[in-house]
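Input: a single structure, listed below in structure tokens.
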Amino acid sequence: MTQAVKPLRRLAAIALLLAVPVISGCGGGDHASSEKLAQPQGGYLTAADLERQLGNAFRKGLYRLSVMTQRSEDAKDLGQPLPTGLLDRVSCASSAPQPGGGRVWAWSCGVTWKSVQGHREQTKYSVRLTPGLCFAAGATPARAKRYDSTIRTYSEDPLNVLGSVRIGC
């Protein structure tokens, strides 16, 4: 294999890994039609809904992290069950009063979890809520890049950025 092909394969593998969370949130139910999809209706997520959705996104990130960190000889069988960390608790609070006019609402959240090795961890997130029941969260401080054994290079930690998988978000 030529040296020029290797970076292209790595780039394709990274793009595929980044697309998995987006694709996994999509389905082929009644909403899958050729008509233009409308933005989600509604206001902001409640604290309980934000905590639940952030926790679900975090669990998906833990699974992606376990795929990245498995030994390279084990990476050939991607259908196998993998050990992941265990989510313990998610707590969120608004950082400012609810804004008017459909502007972004700032929140902060903390996630407490146990690593595969059993170490208690905590990751804090700066969260932006937008009308339409959408959120985007970034780890503060950002987590370090991780070695991804499936593509044999360093990649963004999948727990750094979490977000809504709702249509229109």
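A few points about this structure:
- Here Lys124 passes the criteria (1) touching a residue at least 40 places away in the same chain (Cβ under 8 Å); (2) closer than 15 Å to Ser94 by Cα except the one numbered (1).
- Test: Ala106 is part of a strand (DSSP E or B) and closer than 21 Å to Arg59 by Cβ: no
- Scanning the stretch 142-153 for residues that are touching a strand residue (DSSP E or B) at 6+ places or on another chain (Cβ under 8 Å) and assigned to a loop (DSSP other than H, G, I, E, B) yields Arg143, Lys145.
- In the stretch 63-71, the condition of being modelled with pLDDT under 85 and open to solvent by 40 Å² or more (accessible area, probe 1.4 Å) is met by at least one residue.
- Residue satisfying all of: in the stretch 109-141; in a loop (DSSP other than H, G, I, E, B) and under 30 Å from Ser66 (Cβ atoms); most open to solvent (accessible area, probe 1.4 Å) among these: Gln117
- Taken over the stretch 154-168, residues that are modelled with pLDDT of 90 or more, under 23 Å from Thr130 (Cβ atoms) and in a loop (DSSP other than H, G, I, E, B) amount to 5.
The values are calculated or read from the model by the stated rules, or taken from the named source; none is laboratory data. Remember, predicted model here, so these are calculated numbers, not experimental data. As a convention, Cβ positions derive from the backbone with ideal geometry for all residues, glycine included, and neighbour counts pool all protein chains shown. In case anyone asks, the SASA skips ligands and DNA or RNA and just uses the protein heavy atoms, side chains included. Shrake-Rupley method; radii C 1.70, N 1.55, O 1.52, S 1.80 Å.
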